[in-house]
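In what follows, a single structure is set out as structure tokens and then discussed.
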Amino acid sequence: MKEVKVGQVIQLFEQFSPQKYAFEGDPIGLQVGSFQKPVKNIMIALDVLENVVDEAIEKAVDLIIAHHPLIFRPMKKIQTDQSQGRVVEKLLKHDITVYAAHTNLDIAKGGVNDMLAQALQLENTSVLVPTYEQQLRKLVVYVPLEHEEQVRVALGEAGAGAIGDYSHCSFSAEGTGRFLPGDHTNPHIGQQGKLEAVQEVKIETVYPVETEKKIISAMLRAHPYEEPAYDLYNLALKGEELGLGRIGELKEAMSLRDFALFAKEVLDSPGVRVVGNLDDKVKKVAVLGGDGNKYFSKAKFKGADVYVTGDFYYHTAHDAMNMGLNIVDPGHNVEKIMKKGVSEILRKECESSQLDVNIFPSEEDTNPFVFL
């Protein structure tokens, strides 16, 4: 198999979680290493702590993709007799590249917050705190009649034509395509130097701008022509709204006590803190991975009975209690759900692009808290 570089893997990852989704100033992207490094073993981690780097060394990892940036604040020095300095030293000595996807992975469709909502079995979910609106483009491509189906299917499988809860949306119209193959061509239909007329189908479909490379690549692979004719149009129509957190409903209402125990189990937390009357019935649930203190009023405004988030402050808990919003705090570490989730997503993308790499979640525990 052809050698794979870090940059090729990250290009696929950023089609799912583009850097432009991230908050301004968030230290995401390449943090240690090079995009040109050959890569075989990729480990997905929540944090880049020393025990995680030791695991990476033991497993001959070439690339760590982490949710929490290793270098969150600028480093003024690399002191190798201290923890962070030792981590950087080990990464450089063992030629391990580190890439971080933080708020962009929180915001991405299918990212951390969707993973948490799915684990909590929420239905009819929507964005809790909108931060980004997708820009849409339209692809128009001309295909010979007998290849229409394979091109339309390829576009749909690559994600084109997603409108709301519908997928594979497209429009087709038949017409006549004309072309004159030159001396150095190898035409699928026709002969060099002879004007050709072919019954073709015009296929139109829409897609989010950030998926454009994937969409065009899928179309080119499925298209029989040496030089396919296609057009791209910017649309005034806006795409899907993205943002932090999710809000949805449980299939059936349950007491706050039962919900807190349920959340503890499905999010694999050693303990949860709860604010509110344990006998209250809850059905509408807001969830936001990490530190969600800023957004509890958003959860209340959108009608949540309970807000699931981490690192909740003492006085903020009083504010939530006074406005009648129940809180379940399972801790920041429940974002570890991204290790398995991102591994599965990236593995699928690499297989689809025929990149021969091994992708697996870190097995190390990075939760600093112990519940007694």
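With respect to the cross-link table entries LYS20/LYS251; LYS214/LYS238; LYS284/LYS339; LYS283/LYS348; LYS20/LYS302, which display a Cα-Cα separation exceeding 23 Å?
Values: LYS20/LYS251 34 Å; LYS214/LYS238 20 Å; LYS284/LYS339 27 Å; LYS283/LYS348 34 Å; LYS20/LYS302 26 Å.
In this structure, LYS20/LYS251; LYS284/LYS339; LYS283/LYS348; LYS20/LYS302 lie more than 23 Å apart at Cα.
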Using only the alpha-carbon atoms of the range 136-205 as identical scatterers, what base-10 log of I(q)/I(0) does the Debye formula give at q = 0.17, 0.25 Å⁻¹? -0.68, -1.04
Give the residue from LEU63, LEU46, SER34 lying farthest towards the positive end of the charge dipole for the range 34-83; charges sit on Cβ (+1 for Lys and Arg, -1 for Asp and Glu) and the dipole is referred to the Cα centre. SER34
Could you compute the FRET efficiency for GLU204 and LEU30, with r as their C-beta to C-beta distance and R0 at 45 Å, rounded to 0.05? 0.75
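Hey, got a sec? Which chymotrypsin sites (Phe, Trp or Tyr not before Pro) in the range 247-342 land in a DSSP loop and have at most 14 other Cβ atoms within 10 Å?
TYR313
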Mind giving me the FRET efficiency for SER126 and VAL370? R0 is 41 Å, r the Cβ-Cβ distance, nearest 0.05 is fine. 0.70
In this structure, the FRET efficiency calculated for ASN51 and ALA197 from their beta-carbon separation, with R0 = 51 Å, to the nearest 0.05, is 0.15
Can you compute log10 of I(q)/I(0) for the range 97-157 with the Debye formula, treating each Cα as one identical point scatterer, at q = 0.17, 0.22, 0.23, 0.24 Å⁻¹? -0.81, -0.93, -0.97, -1.01
Could you check the simple spin-label distance between GLN135 and ASP231, using points 7 Å along Cα→Cβ, in nm with one decimal? 2.0
Cα Rg, Dmax, the chain, angstrom units: 24.4, 82
Backbone HN-Hα couplings from phi across the range 190-206 [Karplus 6.51/-1.76/1.60, Hz, Gly and Pro as x]: x, 10, 4, x, 10, 4, 10, 10, 10, 6, 10, 10, 8, 9, 10, 7, 10
With label points set 7 Å from each Cα along the Cα-to-Cβ direction at LYS37 and ILE71, the distance between them in nm comes to 1.3
Largest first, please: the extent of the C-alpha atoms of the range 203-303 along each principal axis, to the nearest Å. 66, 29, 26
Debye, to nearest 20: dipole size of the chain, +1 on Lys, Arg Cβ, -1 on Asp, Glu Cβ: 620
Taking the dipole of the range 268-354 about the Cα centre (Lys, Arg +1; Asp, Glu -1; charges at Cβ), the one of PRO270, ALA286, MET338 that reaches farthest to the positive side is ALA286
At 7 Å along Cα-to-Cβ for each site, give me the label-to-label distance between SER353 and LEU261 in nm. 4.6
Within the set HIS168, HIS94, HIS184, GNM on the chain using Cα springs under 10 Å gives the largest fluctuation to HIS184
With a 1.4 Å probe and every protein chain left in place, tell me how much accessible area GLU226 has, in Å² to the nearest 10. 100
Taking just the alpha carbons, could you work out the radius of gyration and Dmax for the range 1-112, both in angstroms? 13.8, 42
List the extent of the Cα atoms of the range 165-259 along each of their three principal axes, largest first, rounded to whole Å. 78, 26, 24
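So which GluC sites (Glu not before Pro) in the range 1-72 end up in coil per DSSP with only 13 or fewer other C-beta atoms within 10 Å? Working shown, then result.
Values: sites: GLU3, GLU14, GLU24, GLU50, GLU55, GLU58; in loops: GLU3, GLU24.
Sparse-neighbourhood loop GluC sites (Glu not before Pro): GLU3, GLU24.
Evaluated at 20 °C with a viscosity of 1.002 mPa s, what Stokes-Einstein diffusion coefficient in µm²/s does the range 41-174 have when Rh comes from the Kirkwood expression over alpha-carbon pairs? It would help to have the intermediate numbers written out before the result.
Working: Rh = 19.0 Å.
My calculation gives 113 µm²/s for D.
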Explain nothing, just compute: Karplus ³J(HN,Hα) = 6.51 cos²θ - 1.76 cosθ + 1.60, θ = phi - 60°, for every residue of the range 349-358 in order, whole Hz, x for Gly and Pro. 5, 5, 5, 5, 8, 6, 9, 8, 9, 9
By how many nm would the segment from LYS283 to GLN11 grow when fully extended, if each residue of separation counts as 0.36 nm and the alpha-carbon distance is taken off? 94.0 nm
The distance between the Cα centres of the range 305-338 and the range 263-288, in whole Å, is 9
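Calculate for the chain the 222 nm mean residue ellipticity that helices alone would give, adding -39,500 (n - 2.57) per DSSP H run of length 4 or more and normalising by residue count, nearest 500 deg cm²/dmol. Provide the component values of the computation, followed by the final result.
Details: 11 runs with 107 residues, N = 372.
Taking each H run of at least 4 residues, the total per residue is -8500 deg cm²/dmol.
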Estimated translational D of the range 41-104 in µm²/s (Stokes, Kirkwood radius over Cα pairs; 25 °C; 0.890 mPa s): 208
May I have the pair-distance distribution P(r) for the range 247-300, computed from all Cα-Cα distances with 10 Å bins from 0 and rounded to whole percent? 21, 57, 22
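The values are calculated or read from the model by the stated rules, or taken from the named source; none is laboratory data. Here the structure is a predicted model, which is why all the values come from computation and not from measurement. Every residue, glycine as well, gets a Cβ built from its backbone with ideal geometry; the counts of neighbours run over all protein chains shown. Accessible surface areas use protein heavy atoms only, side chains included; no ligands, DNA or RNA. Shrake-Rupley method; radii C 1.70, N 1.55, O 1.52, S 1.80 Å.
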